[in-house]
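The values are calculated or read from the model by the stated rules, or taken from the named source; none is laboratory data. Small disclaimer: the values here were computed from a predicted structure and weren't measured. With ideal geometry, Cβ positions are generated from the backbone for all residues, glycine too; neighbour counts draw on all protein chains shown.
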Amino acid sequence: MKYVLALLLTFPISSVAQQAINHEAMHGWDFGLGFAGGSISHYRGSDQNYLLLFPYPTIFYTGERIKLNRSGGSVLLTTTEQFSLDLSFALGIPVTSAGNIARLGMQDIAPNLELGPGAHWGIWQSDDRKYQWTVSAPLRAAINLKTGNEEGYTFSPYIQFRHLSLFDTRLSIGPIWASESYHDIYYQVDSPYVTPNRPGYDAKAGYSGFRTTLTSSYWLSPKLWLVGAIRYDTLSGAVFADSPLVKQEDSLIIGGNIFYFF
């Protein structure tokens, strides 16, 4: 169950980053059922995936300043016609080391809450508002949900192109940077966990790779909503790319979702 809960608030199966409910009829509380399926890596750089297919209840809220949706949640702090500042959160997926060959015998990766501010600039849109370019700069701290400890931060600016027609399609690209303590969670190998095939490794702060995300959603009816997503992740040039826990530099993550609202 913990994997399902984390996944529901993590890309891509039922969380498409920065793509909240945009159907004008939906404002306030919305309840329904979702059915999700897809493949997601244990962690960035892992060569093992979770393959999941499951139904689940959905609770969305869309207000003037507060949103609870597939991206986690956000609180709008300030906004103008071209700029907004919000506070948002998402959940990181836990990893049981017994189920990951590269991490066998190591400590499990606990689920974490990533929380922090994000600035968003609308740099251009067409007169009919069907084409839009946006620059976003989210900065989030990671909090271990088992211990309550802060475990570093990530900074992941991106530029996004959005096309609104029958489909709401968004293409986002951008780099990621993270602190040493955040990289330690996934890529550090301390002396108790060194083996002949897994040398010790000291993760550093810095560049964490580059991400390209394509999402698209379509309303089949006022109650039935389809969402699909593809993410390409590359760790080429990342400061931890030589960690023995990195088994592949490139990964493709695919997910889909069907929502039915009561």
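Determine whether TYR43 is in a loop (DSSP other than H, G, I, E, B) and at pLDDT 75 or above. So TYR43 fits the description; yes. Just to be sure before I move on: is VAL194 crowded, with 16+ Cβ neighbours inside 10 Å, more than 20 Å from the chain's Cα centre (by Cα) and β-branched (Val, Ile, Thr) in the structure I sent? Taking the combined requirement at face value, the residue does not satisfy it. Only one of the numbered conditions (1) small (Gly, Ala, Ser); (2) more than 25 Å from ILE101 (Cα to Cα); (3) buried (at least 17 other Cβ atoms within 10 Å of the Cβ) is violated by SER221, and that is (3).
Any idea which residue in the range 106-145 is farthest from SER46 (Cα to Cα), counting only those that are among the hydroxyl-bearing types (Ser, Thr, Tyr) and either within 16 Å of the chain's Cα centre (by Cα) or surrounded by fewer than 17 Cβ atoms within 10 Å (Cβ to Cβ) (or both)? So the residue we want is SER126. Flag: GLY255 does not match the condition of being without any contact (Cβ under 8 Å) to a residue 60 or more places away in the chain, assigned to a strand (DSSP E or B) and more than 17 Å from ASP30 (Cα to Cα). For the range 138-188, filtered to residues that are of a type in the set (Lys, Arg) and in a strand (DSSP E or B), the residue that is farthest from ALA241 (Cα to Cα) is ARG162. Selection within the range 241-262: residues that are aliphatic (A, V, I, L, M) and within 14 Å of the chain's Cα centre (by Cα). The member of this set that is surrounded by the fewest Cβ atoms within 10 Å (Cβ to Cβ) is LEU252.
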